[in-house]
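First comes the structure, then the notes that go with it.
Values quoted throughout were computed directly from the atomic coordinates according to the rules given, and no laboratory measurement underlies them. Remember, predicted model here, so these are calculated numbers, not experimental data. Quick reminder, even Gly has a Cβ in these numbers, built from the backbone with ideal geometry, and neighbours come from all protein chains shown.
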């Protein structure tokens, strides 16, 4: 096993980034126009990177599979973005954000990266405000904050329940400006289908124009992959339908290591599954846990009666409810980190206390009754009514809730046809985010030279569990404030390279590979749709590589996925042809990669004989059902090399995680 | 919310590509769960078509939670279907009845050419954005502290309401004139309401409107259809604000 | 930049539509105020009030400017409107197979172009029937005349007798006997046989209107319109169309000019609806009354 060089700069934690920046090479403005950079993905990380690099003067080509860069799935993030501004004066600091993130990640992330993230978090807010992101404000005109899980300070900036949207539109506006100025060329409805490596360096990509089906060659001096996460390996997730691993996986196939693939975040508050035709799961923002209390009935009979429709949740008295998060974790209560909350919900439902009338009975309540009363009373007092009536309290309380979470409540009602102001929301954990991803060093460069990976697509900052409101932070930090420096440092050696030709054996080979894959799918005489296989993959993953994992289950999963893979190639039917818009073909190529990835995830989970963060191995828990980490044997990032056809043959590279500045401890939210 | 299953007839616009001639085709679909979303119903149709070795219906969609703006569809004569304040992906089949015939058409606008079936090309919106839908600030992260300029909550809230636009194009689709003024008005308003955006407000509105006109959108006649059909409830106030901004900008321009 | 922005852009077209539209609303008020003279007072009083008003409108220099502005506004509003309608039509080359616009917009707002065209047709006929006849037509236009029966004594017999005297109303407010005068240049009253302008008469527009809408009181001057019922119906329908046009147009003009405010816009809308109902209604009542009181 070779040792991975994470290239962490020397020096004290707080100075690493500054020192590193001071010592990095630069590309002079007059040389930048000679250099091409490809950015794949235009979400927060990719959009921000493309805008920033374009602004600096590089020739940037940006790619997205959607019809516009504004549609990237960063847009769906609801709750907020963390930053160590300490505007609320409640003791926040760069160190505390750093510490919370490391602890939240269950000590499986890289110290130096996380510290840098916390450090630049403040710039993000400044930047976003400067570019017109309409964050929520207080009456005094200053920025408002809210609390999020896993922290004891208020450091989350937000724009109603649409923070991701506003931040993405901010990045999109910066990107649009560069496109308008001709410094970034935008290729929308284009999908990257291969990475071209020449002499060990990333030199371009093969992309398919999704409208015409044309296979295009694009060369560059550096390639940035910011294509998001791979939650769709579970079929049902909160990801967008088009979210996929393909760009990252192609990089992995060409030699980049893929780290911690099994680290998946299962978000506790999603709308439960309701039927077999369901195509995706919908998140209800974590911010709701600020105001909502999570419970199930204390008695199994009550849970059963609720499932059968014989009992309404509102008919149960306080004594008959089990506020299990408050019971188990009094210090953080309903605001424990996501993995903890999700597992606790699963534990209750596995125990027979679930309240949702679906096949798996998986659902718990998120109840706003208490908050409606508290806030209603406060509002009445603020209006000078010190003896408000019951109905007035409720009315004012609901109004408060509406102002804070109105859009989420409306969305819930649209989907479920239930009014969450009157009856508690039903929620259940769902796949939401993937902490794992392409292994990158401190400079966000993968093990392929010149291939950088940013945002959710890399593995770097969140360890085994991501704290709420940190994904937006990481995406923008990578795109705006890290890549422009580190990519420039790399490109400083490329100023004499000259234009990279797309007429080379490497490009030929890559293009042929892509064309072969397309032909193979279109000429397959199969019978079953891509979705049929994708759903089967999802079920295997959810049941065996989901919230609870066991050795036996993982072994099964590895086998089953292997079988599925064979069947997929034998029996998939892809209609249409290669020279037109063909969504089924797009899906087939994505699912092919997801199947390979799924198997690697199981291999990774099987390798990690410990429980940490979102990775819960049933064999490794304490008497109270909490995770049992094994720092002695597994305090490393597991970076896998690609193995064709069989993930069990993938070679593991370990990056030992050294905690110089933080005292590693058991994670405790009690 | 009892789940029931309904049988429906679908009349769907099929068109091979931008140059081909399209037509409405009829399909029947049985056992559609009323808990399904509209797009899940289309998934079901496509599954049925694929199982018959026929070509599935192409339609745009992505996040399926009403925020990315990728889904479109003119359903029974209305953008995003019969429900208000909703995108097609958040429209549920419980809004329909057993035996219903549902018409599904793409957005119809000269500025949104049809790519295939129900998929249209909305890059005109991107080009409008590129013409001025931004604040010209570099991404250094070192402009000034985010709290350096207090912004009245009401302005910030209004800017947010305008910024909530998801760029889906329902305004254009439902406007009898195919006008994009709600989209442009919302973007102009967002920045016009914030102190950071005021500096280049004049150039912005002139450039964005010029691009909008070049794209071949129709003119606004204040029918208000866009406001009603906008899934994010963007108000006509934003168009008025743009009109105001434009008047000032055009009058003062040199 | 500014020139094209203020002339050619889509938004500028809206300004011109709304400015001309609002000006025409003002014109409507002025026109209505005059028309109401037709029914507020009856008999000679009423006739006189109306004809004096008409004279004032035709001769006051300020009003003249306004009237030119009105013509320009109508032409501009119509041309601009037609151009917009053509552009708007072009913006959607393929119509929807199934459309349900009533779910999101009012009938009036969707049919402004058709309503406007109908109004234009009405204006054309209206001007042909009244404005053309009064202003341009070379036919001799009857002047405001009053018939009086005076007690007189027969110059031959010295017996008292009743004599019908015809008098012109002059712009100085006097009545002068018809038989001593002759009319030149339409309205100038000259002493018979002498080339001396004595006074100026009023064109009898009042009688023109009454005759047109079927009132048979005037014995000479204007023939009673055989198609009066049709004229009244056409007029009333046109006013209905105008009401529809205004129903949307009035408040829409404010929106186009950027005047939209959460607290005032509802008021503007209400005012617009009021205007759209009241003004055409009052206009329409006049011919109906004239027709009914014949």
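What separates the Cα centres of segment A:416-437 and segment B:92-109 is a distance of 27 Å.
Using the alpha carbons of segment C:168-238, what is the convex hull volume per residue in cubic angstrom, as a whole number?
Numbers: hull volume 7.8 nm³, N = 71.
Considering the Cα atoms of segment C:168-238, their hull volume per residue is 109 Å³.
Under 20 Å from a label point set 7 Å out along the Cα-to-Cβ vector of residue C:131, the amide N atoms of segment C:60-87 belong to C:60-83.
Hey, what number do you get for the protein assembly as shown at 222 nm if only DSSP H runs of n ≥ 4 count, each worth -39500 (n - 2.57), divided across all residues, to the nearest 500?
That calculation yields -13500 deg cm²/dmol at 222 nm.
Per-residue mean of foreign Cβ neighbours for B:120-126 is 4 (Cβ atoms of other chains, 10 Å radius). For the Cα atoms of chain A, what angle does the longest principal axis make with the long axis of helix A:94-104, in degrees from 0 to 90, nearest 10? It works out to around 80 degrees.
Modelled spin-label separation between residue B:253 and residue A:318, with each label point placed 7 Å from Cα along the Cα-to-Cβ direction: 6.5 nm.
Counting only other chain Cβ atoms within 10 Å of each residue's Cβ, the peptide A:209-216 averages 1. Shown here: the protein assembly as shown, whose C-alpha atoms stretch 147, 74, 63 Å along the first, second and third principal axes, sorted largest to smallest. Quick check: pseudo-label points 7 Å beyond the Cα along Cα→Cβ at residue C:114 and residue A:418, how many nm apart are they? For residue C:114 paired with residue A:418, the spin-label model returns 4.8 nm. Among C:235, C:264, C:202, the largest mean-square fluctuation in a Gaussian network model of chain C, built with springs joining Cα atoms closer than 10 Å, belongs to C:264. Between residue A:656 and residue A:300, the FRET efficiency estimated from the beta carbon spacing at R0 = 56 angstrom works out to 0.75. Of all DSSP-defined beta bridges confined to segment B:5-105, some 80% are antiparallel rather than parallel. Listing B:179, C:9, B:23 from fewest to most neighbouring C-beta atoms within 10 Å gives B:23, C:9, B:179. Peptide B:66-76 has a mean shielding of 6, counted as Cβ atoms of other protein chains within 10 Å of each residue's Cβ.
For segment A:618-653, the residues whose backbone nitrogen is under 17 Å from a point 7 Å from the Cα of residue A:551, taken along Cα to Cβ, are A:618-622, A:628-630, A:633-634. Taking chain B as the reference, fit the longest principal axis to its C-alpha atoms, fit the long axis of helix B:181-192 to the helix C-alpha atoms, and give the angle between the two in degrees, 0 to 90, nearest 10. For helix B:181-192, the angle is close to 40 degrees.
When DSSP beta bridges are restricted to pairs lying wholly in chain B, around 75% turn out antiparallel. With each label modelled as a point 7 angstrom along the Cα→C-beta vector, the residue C:121-residue C:172 pair spans 4.9 nm. If R0 is 56 Å, what FRET efficiency do you get for residue A:359 and residue C:63 from their C-beta distance, rounded to 0.05? FRET efficiency, residue A:359 to residue C:63: 0.10.
In chain A, the longest principal axis of the Cα atoms and the axis of helix A:551-571 are about 50 degrees apart. The calculated FRET efficiency for the pair residue A:527 and residue C:103, based on their C-beta separation and a Förster distance of 30 Å, comes to about 0.10.
Where both partners of a DSSP beta bridge lie in the protein assembly as shown, what percent of those bridges are antiparallel, to the nearest 5?
Looking only at bridges with both residues in the protein assembly as shown, the antiparallel portion is about 75 percent.
Distance between Cα centroids, segment A:157-203 to segment A:258-289: provide it in whole Å. Distance between centres, Cα-based: 25 Å. Which of rounded, prolate, oblate describes segment B:1-94, given a ≥ b ≥ c as roots of the alpha-carbon gyration tensor eigenvalues and a/c under 1.5 marking rounded, otherwise prolate only if a/b is larger than b/c? Oblate shape, in that a/c is at least 1.5 and b/c is the bigger or equal ratio.
In segment A:84-194, inverting the average of 1/r over every pair of distinct C-alpha atoms gives 16.1 Å as the Kirkwood radius.
Checking the a/c ratio against 1.5 first, then a/b against b/c, what shape does the Cα gyration tensor give for chain A? Prolate, since a/c reaches 1.5 and a/b exceeds b/c.
Spatial offset of segment A:76-125 relative to segment C:251-294 amounts to 60 Å, using the alpha carbon center of each. Neighbour counts of other Cβ atoms within 10 Å put B:107, C:16 in the fewest-to-most order C:16, B:107. Under the classification rounded if a/c is under 1.5, otherwise prolate if a/b is larger than b/c and oblate if not, where does segment A:505-634 fall, given a ≥ b ≥ c as square roots of the Cα gyration tensor eigenvalues? It is prolate, given that a/c is not under 1.5 and a/b is the larger ratio.
Ranked for footprinting exposure by Cβ neighbours inside 10 Å, fewest first, C:29, A:120, B:184 give C:29, A:120, B:184. Among B:118, B:193, B:49, the residue with the largest mean-square fluctuation in a Gaussian network model of chain B, with springs joining Cα atoms closer than 10 Å, is B:49.
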